[in-house]
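These notes concern the structure reproduced below.
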Amino acid sequence: MAEQGNGASEDQSPQLNVLAQYIKDFSFENPNAPQSIGPQEQGPNIGIQVNVNARQVTEIEFEVELVLEGSALAKETTLFKFELRYAGIFRLRNIPAQELQPVVMIECPRLLFPFARQVVADAVRNGGFPPLFIDPIDFMALYRQRLAEMQPASSIPS
């Protein structure tokens, strides 16, 4: 431990603290109830989209937003649709500048995901369907995909 003149120690290890987490926006639609909640001939076609947004709130605090959108279709009938914006405020200290963006875009949403997953599962269940437990998300792959999309389309010199 590093000692300072007043006898207090200063921790220089990287720190990631969750200060708050909350639902920013949530919508669940069950447009064809009560017909849609009856037995189905086959399992529904479920589609889910995931996105992560982040913004710096203070010098060391970031708001990270996990966006989950999904729907379930049986043949051409919409069973349900949802959109969830689940966010958290994170305090990051002693993290090297080159590692800050990956921590914000990978580790922070990884911490939020189980809670967002539960919100969706409960809403789907409360809508009259079996709970929808979204499979774990590879936020590192999502981050790499986003970086690749931001690269120039062609690096071929003209």
Exercise. So for the chain, taking the charge dipole from beta-carbon charges (+1 Lys/Arg, -1 Asp/Glu), which of 64, 13, 40 sits furthest toward the positive end?
Worked result: 40
Seminar exercise, completed: Heads up, segment 81-158 by the C-alpha gyration tensor (a ≥ b ≥ c square roots of eigenvalues; a/c under 1.5 rounded, else a/b over b/c prolate, else oblate) looks oblate
Exercise. Charges only on Cβ, +1 for Lys and Arg, -1 for Asp and Glu: so what's the dipole of segment 31-150 about the Cα centre, in debye to the nearest 20?
Worked result: 100 debye
Problem set entry | For the chain: rounded, prolate or oblate by the Cα gyration tensor [a/c cutoff 1.5] | oblate
For this session: Evaluate the charge dipole of segment 31-91 about its Cα centre and quote only its size in Debye, nearest 20, assuming +1 on the Cβ of each Lys and Arg and -1 on the Cβ of each Asp and Glu.
Result: 100 debye
Seminar exercise, completed: Counting only backbone N atoms under 17 Å from a point 7 Å out along Cα-to-Cβ of residue 33, the residues of segment 103-132 in range are 119-132
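Quick note: the coordinates plus some simple rules give every number you see, no bench work behind them. The structure presented is a predicted model; accordingly, all values stated were derived computationally and were not measured. So basically every Cβ, Gly included, is an ideal-geometry build from the backbone, and we count neighbours across all protein chains shown.
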